[in-house]
Amino acid sequence: MSIWEEDDTFLGRWANNELTYEERAEFEVSPEGKEFLDLLIASKGLKIPPYDAKAHFEKVKSSLNQSKQGKVRSLQPVWTVAVAAAVALIITFYFLLSGTSVSTGIGEQKIVWLPDSSKVTLHANSNLAYDQSGWENQRKLELDGEAFFEVKKGSRFEVQTENGVIAVLGTSFNVKSRSSRLEVTCYTGLVNVKTISVDQNIRAGEFLSIEENAVIDDGTHTLSVPSWQNGISTLKDVTLKEALDELQRVYKIKVVAKEVPDLKYTGSFPHDDVEVALKLVLEPLDIEYTYDSNLQVLTLDD
């Protein structure tokens, strides 16, 4: 019997955001949790405001004009997309010459089978690279983004990221390396996490979060796989900017804002409904916004 069936206070604590990160994640990926998410969404009256195309066009045009004057900041300006594309092309060309690389786009996931039959599930907007020809001698790969690993037993298996190195012999674990933050969750076996200032082992049922080479969180969990493999992103104590970044990895949306409030977010959102996802992320923080589903533009109000 699950904890939410045994504990009469569980649903109340869930609705009031009083659960631990592990309790919330386990509940919201369960069939019961998904049903209560639907009820919660319905209770908040998810009605999209009437769309006035002409008025919104004028608003977007005004925002763009202000952006040219330095008053409005887009979280995904065109030039950054162009630079990212150029860098991606350079990286892809390099690995075509020296190894194997796999990338995922926005809202995309891929399964990668390594030469030793180890399995990697690559999350959205992530990059994986390894030397296939030399795999028998050295099980080493590079990750930029997030992936879930199911490693066959054998020699040392090493995942190198910009924020640290994760090493195992045979186990299953999740690695998320974005910006200056590294999150590692172990599901089976034993994982070693090493950065410039951290060298720590975590066992099955444990997780570790590191930011700028310092441990910011650790503890236990009860999940069997990452929640994103079940179509739900679960975030813990991240900035609103990081939450918006995760939304942009899952959905092809552009975010426009004069300023992103300095707020922290803990919660979950689904990968199959952008309007519901926006409600679940922005409503708890009392953020006023408009979303144009045609242009796929999210505008944070002043």
Quiz prompt | Exclusive hit being of a type in the set (A, V, I, L, M, F, W, C) and over 18 Å from the mean Cα position of the chain (by Cα), set Val168, Val175 | solution = Val168
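How many of the residues in the range 245-302 are of a type in the set (Val, Ile, Thr), under 19 Å from the mean Cα position of the chain (by Cα) and not in a helix (DSSP H, G or I)?
4
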Quiz prompt | All strands (runs of 3 or more DSSP E) inside the range 199-243 with 1 or more residues being surrounded by 16 or more Cβ atoms within 10 Å (Cβ to Cβ) | solution = 199-203, 206-211, 232-239
Quiz item: Within the range 250-265, is even one residue touching a residue at least 40 places away in the same chain (Cβ under 8 Å), touching a Ser or Thr at 6+ places or on another chain (Cβ under 7 Å) and either within 21 Å of Glu26 (Cα to Cα) or exposed (fewer than 14 other Cβ atoms within 10 Å of the Cβ) (or both)?
Solution: yes
Practice problem: Take the residues in the range 1-32 that are part of a helix (DSSP H, G or I) and under 20 Å from the mean Cα position of the chain (by Cα), then tell me which one is modelled with the lowest pLDDT. | Solution: Tyr21
Quiz item: Can you pull out the strands (runs of 3 or more DSSP E) entirely within the range 103-150 that have at least 2 residues that are out of contact with any helix residue (DSSP H, G or I) (no Cβ under 8 Å at 6 or more places or on another chain), of a type outside the set (Asp, Glu) and exposed (fewer than 14 other Cβ atoms within 10 Å of the Cβ)?
Solution: 110-113
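The values are calculated or read from the model by the stated rules, or taken from the named source; none is laboratory data. Predicted model only: the values in this text are computed from it and were never measured. For neighbour counting, all protein chains shown are included, and Cβ atoms are generated from backbone atoms with ideal geometry for every residue, glycine included.
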